[in-house]
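One structure is given here, and the rest of the page talks about it.
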Amino acid sequence: MASHRSPPASLPPLPRLPFSGEGPQDISPAARRRVFVEALAPRVDGGRYPVKRVVGDRVSASCDLVRDGQDAVAGALLVRRPAAREWLRQPLQSVAGERYEASFLVDEIGQWQFAILAWIDPFETWRAGTRKKIDAGQDVELDLAAGALLLKAYASRADAAGADTLRSAAARLEDGSLVAADRWASAASPPILAAVAECPDLRDATQSEPVVIVVDPVRARFSSWYEMFPRSAGAPGRHGTLRDVAARLPYVASLGFDVLYLPPIHPIGRTARKGPNNAPNAGPDDVGSPWAIGGPEGGHKSVHPRLGTIDDLQALVRKARELGIEVALDIALQASPDHPYVTQHPEWFLHRPDGTIQYAENPPKRYEDVYPFDFYGAGWESLWEELHGIFVFWCEKGVRVFRVDNPHTKPLAFWEWCIARVKAAYPDALFLAEAFTRPKLMYALAKLGFTQSYTYFTWRQSKRELTDYVTTLARPPLSDFYRPNFWPNTPDILPTHLEFGNRAAFVQRLVLAATLSSNYGIYGPAFELMDRAAREGAEEYADNEKYQIRSWDLQRQDSLGDLITLVNRVRRENPALQDNLVTFHPTDDDALLAFSKRSADGAHVVLVVVNLDSHHRHAGHVALDLAALGVGPDEAFQAHDLLSDERHRFQGPQAYVELDPEFLPASVFAVRRHLRTEQDFDYYS
């Protein structure tokens, strides 16, 4: 980013209107500020919440500069890097009418700021007006004298070299022996304009409120998650350990995932422990739910003894990073009746009239093995500090990614306070909100600090549902703060289209999740092994790992592992799939969903077509939005299917596509242009 002379580290106060309607008062100096900065973008809720970007993004800041009269206006973009005191300044460029913009690269994790500075430009006003008079053959001697005075004023604010340049230009304007047009031209030359731009008079400039931009690691926008239960990672019949998880890391890496998410790894309470499939009574050997956190062995800052030790976790984190994988921990802010908090801090829990602690309920469901915290009870301040300390504790152990359980049932104010404090110390920390709740509440959590969020993709099936939903998520204002993470299944959710689906249904949902969203995840090995057994009367798995240990044959011949590996490789190798810049293309068959995605620089484009009917072959025409594909009206291009490796030649606004779910229910085409000969296309028709 080009930078110029920096304004003070502290921004000047906002302009105040001279009259507020509350009676007479003195006219404020702000009344001299003639430029209004309006429609500033990007900005979330008028600047109340941060805009989100990732390292390497180029942020385009734009605004309207509105002024009275005919005087020229000028503006600058001010940018402050994380922890910096100085503001960098670069000029705004007019893009359309009164709309202006400038861009800057965010190349560092942390909290950035930008603002707009705008002012009336007297020199440009003089330059343009005098040119018109010269062209009309009018006398401009007084105008040239006025220009000389302006240049001398600019010289008084310039550095030594700039001052000499400007004074020399002023002297030429005052030299009556020269032709007026030549005198004007010498003062309006590029070197003089550049010198003037370095030292504007900002005494009456208008300053916008700063906009905060939280810049996260690239993983915040582009990630592939794999969820597994550590206790199921051991040999059949044995409780798995974190060392067993470490031994499975090569498998996870071979599938192409870069985040390994582990459900809670803490000690599990025995009081009211649930049995298999959420049975109300557990046997002596039943392992219970990992979300019933805490026992005599410790609580949220401890590792279940049967899983191992904190040292084992740190070794797992290190080994995972060697393979390009981040370990994500589940943080569930609740406690079992056996958690040390219950006896040490009873004020942190809600008590019923009989004096007992209130267990969790979602009528008619009852969770006697879980006590929710009372976030606004008598001990709320010490509770908040302790819960914040849980995140800090695991950050200190090397963990930087957290999946947070049910954050929508905790106060929004807590999350804004807690996440801001964690990210102030660990700016690379990422938070995934497991919030299947009201959309505006999901969005509020994102505004308040959550990096990514689960979504309703799991239940969106039809062409209209998927098109409308993804279009909403992929456009501002949501795209400036809300990062969706698409999951086809979770331990809590086995959707009916998978329960009653076939292999093609799993493939279809995999491709949709992995291509519609730049962040996606699966709960495995249930997904790659296509587990479809559901608990009667519930949209969840039978023999659920939430309540018992399961053994999985990862070498099964019908595993989707190879296809998952291919899909994740396609995601890594195609920048267009690493963002959410999506365009939907109409089709003449409602079972065919077509959309394209492009990289931020427009250099990479992918066209995806999915057969939403996992049982029948469908064929039809896609009405291509050629502009979205970056293709000219008559330009032929190659569509290379990265899943089947077939190549096709497309030309014009229509493309014929045929998808048989018995083979593959989807095509992911890389759009390749500038191919000159028939051989270059290497297509099959």
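The values are calculated or read from the model by the stated rules, or taken from the named source; none is laboratory data. Here the structure is a predicted model, which means the values were calculated and not measured. Glycine also receives a Cβ, built like all others from the backbone with ideal geometry; neighbour counts cover every protein chain displayed. Remember, those area values only see protein heavy atoms, side chains included, never the ligands or the DNA or RNA. Shrake-Rupley method; radii C 1.70, N 1.55, O 1.52, S 1.80 Å.
On the given criteria, is SER6 open to solvent by 60 Å² or more (accessible area, probe 1.4 Å), at pLDDT below 95 and either over 23 Å from the mean Cα position of the chain (by Cα) or among the acidic types (Asp, Glu) (or both)?
Taking the combined requirement at face value, the residue does not satisfy it.
Note down all Cβ pairs under 7 Å where the first residue falls in the stretch 243-254 and is over 16 Å from LEU313 (Cα atoms), the second is in a helix (DSSP H, G or I), and they're at least six residues apart or on different chains.
Note: pairs meeting the criteria are SER254/THR565.
Name the single residue that is nearest to ASP562 (Cα to Cα) among those in the stretch 493-507 being in a helix (DSSP H, G or I) and touching a Ser or Thr at 6+ places or on another chain (Cβ under 6 Å).
Step one: filter the stretch 493-507 for residues in a helix (DSSP H, G or I), giving 496-499, 503-507.
Those left that are additionally touching a Ser or Thr at 6+ places or on another chain (Cβ under 6 Å): 504-505.
On the way: ALA504: 14, ALA505: 16 Å.
Looking at residues that are in a helix (DSSP H, G or I) and touching a Ser or Thr at 6+ places or on another chain (Cβ under 6 Å), I get ALA504.
Out of all the residues in the stretch 435-458, which are open to solvent by less than 10 Å² (accessible area, probe 1.4 Å) and closer than 13 Å to THR409 by Cβ?
Selection gives ALA435, MET442, LEU445.
Scan the stretch 407-427 and give yes if some residue there is in contact (Cβ under 8 Å) with a residue 60 or more places away in the chain and acidic (Asp, Glu), otherwise no.
No: zero hits.
If the requirement is being among the aliphatic types (A, V, I, L, M) and either in a strand (DSSP E or B) or open to solvent by 20 Å² or more (accessible area, probe 1.4 Å) (or both), which of these qualifies: LEU577, LEU554?
One residue alone meets the criteria, LEU554.
Suppose we filter SER177, SER186 for residues that are touching a helix residue (DSSP H, G or I) at 6+ places or on another chain (Cβ under 7 Å), at pLDDT below 95 and at negative phi; which single one remains? Spell out the reasoning first.
Details: SER177 fails: touching a helix residue (DSSP H, G or I) at 6+ places or on another chain (Cβ under 7 Å).
Residue meeting the stated conditions: SER186.
Quick check on the stretch 602-624. Is at least one of its residues more than 31 Å from the chain's Cα centre (by Cα), over 13 Å from ALA655 (Cα atoms), in contact (Cβ under 8 Å) with a residue 60 or more places away in the chain and surrounded by fewer than 17 Cβ atoms within 10 Å (Cβ to Cβ)?
There is at least one residue in the stretch 602-624 that is more than 31 Å from the chain's Cα centre (by Cα), over 13 Å from ALA655 (Cα atoms), in contact (Cβ under 8 Å) with a residue 60 or more places away in the chain and surrounded by fewer than 17 Cβ atoms within 10 Å (Cβ to Cβ).
Return the residue satisfying two criteria in turn: it lies in the stretch 220-259 and is touching a Lys or Arg at 6+ places or on another chain (Cβ under 9 Å) and among the charged types (D, E, K, R), and of such residues it is nearest to PRO484 (Cα to Cα).
ARG221
Can you tell me how many residues within the stretch 455-492 are in contact with a Leu (Cβ under 7 Å, 6 or more places away or on another chain) and part of a strand (DSSP E or B)?
Adding up the residues that qualify gives 3.
I'd like the full set of residues that are of a type outside the set (Ser, Thr, Tyr), at negative phi, in a loop (DSSP other than H, G, I, E, B) and open to solvent by less than 60 Å² (accessible area, probe 1.4 Å), limited to the stretch 638-659. Break it down into steps so the answer makes sense when it comes.
Taking the stretch 638-659 as the starting set, the residues that turn out to be of a type outside the set (Ser, Thr, Tyr) are 638-643, 645-655, 657-659.
From what's left, at negative phi: 638-643, 646-651, 653-655, 657-659.
Still in the running and in a loop (DSSP other than H, G, I, E, B): 642-643, 646, 653.
Result: LEU642, LEU643.
How many residues does the stretch 228-255 hold that are closer than 18 Å to GLY521 by Cα and either assigned to a loop (DSSP other than H, G, I, E, B) or at pLDDT below 95 (or both)?
Total meeting the criteria: 2.
Condition check ((1) open to solvent by 40 Å² or more (accessible area, probe 1.4 Å); (2) assigned to a helix (DSSP H, G or I); (3) not basic (Lys, Arg)) across all residues:
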residue	(1), (2), (3)
ILE116	no, no, yes
TRP119	no, no, yes
PHE123	no, yes, yes
ARG127	yes, yes, no
ARG131	yes, yes, no
GLN138	yes, no, yes
ALA145	yes, yes, yes
LEU151	no, yes, yes
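Is it the case that the stretch 42-65 has a residue that's surrounded by 15 or more Cβ atoms within 10 Å (Cβ to Cβ) and more than 23 Å from ASP480 (Cα to Cα)?
No: the stretch 42-65 contains no residue that is surrounded by 15 or more Cβ atoms within 10 Å (Cβ to Cβ) and more than 23 Å from ASP480 (Cα to Cα).
Please determine, by comparing only the residues of the stretch 54-97 that are among the basic types (Lys, Arg), part of a strand (DSSP E or B) and in contact (Cβ under 8 Å) with a residue 60 or more places away in the chain, which one is farthest from ILE109 (Cα to Cα).
ARG89
Residues PRO305, PRO296, PRO337, PRO284: which one is farther than 24 Å from ARG219 by Cβ, open to solvent by less than 40 Å² (accessible area, probe 1.4 Å) and out of contact with any helix residue (DSSP H, G or I) (no Cβ under 7 Å at 6 or more places or on another chain)?
PRO337
Exactly one condition in (1) assigned to a helix (DSSP H, G or I); (2) open to solvent by 50 Å² or more (accessible area, probe 1.4 Å) is not met by GLN111; state its number.
(1)
Of everything in the stretch 408-450, what is within 22 Å of LEU478 (Cβ to Cβ), of a type in the set (A, V, I, L, M, F, W, C), in a helix (DSSP H, G or I) and in contact with a helix residue (DSSP H, G or I) (Cβ under 9 Å, 6 or more places away or on another chain)? Give them in sequence order.
LEU412, TRP415, ILE419, LEU441, MET442, ALA444, LEU445, ALA446 - these are the residues of the stretch 408-450 that are within 22 Å of LEU478 (Cβ to Cβ), of a type in the set (A, V, I, L, M, F, W, C), in a helix (DSSP H, G or I) and in contact with a helix residue (DSSP H, G or I) (Cβ under 9 Å, 6 or more places away or on another chain).
Could you tell me which residue of the stretch 459-472 is surrounded by the most Cβ atoms within 10 Å (Cβ to Cβ), considering only residues that are within 24 Å of TYR261 (Cβ to Cβ) and touching a helix residue (DSSP H, G or I) at 6+ places or on another chain (Cβ under 7 Å)?
Across the stretch 459-472, the extreme among qualifying residues is VAL470.
Which residues, taken from the stretch 190-211, are open to solvent by less than 30 Å² (accessible area, probe 1.4 Å), free of Cβ contacts under 8 Å to residues at least 60 places away in the same chain and either farther than 20 Å from THR130 by Cα or of a type outside the set (Val, Ile, Thr) (or both)?
Selection gives ALA195 alone.
One residue is enough: does the stretch 481-499 have a residue meeting the conditions within 17 Å of VAL610 (Cβ to Cβ), surrounded by fewer than 19 Cβ atoms within 10 Å (Cβ to Cβ), out of contact with any His (no Cβ under 9 Å at 6 or more places or on another chain) and touching a residue at least 24 places away in the same chain (Cβ under 8 Å)?
yes
Against the condition part of a loop (DSSP other than H, G, I, E, B), touching a residue at least 40 places away in the same chain (Cβ under 8 Å), of a type in the set (A, V, I, L, M, F, W, C) and over 30 Å from ASP216 (Cα atoms), how does ALA181 come out, does it pass?
no
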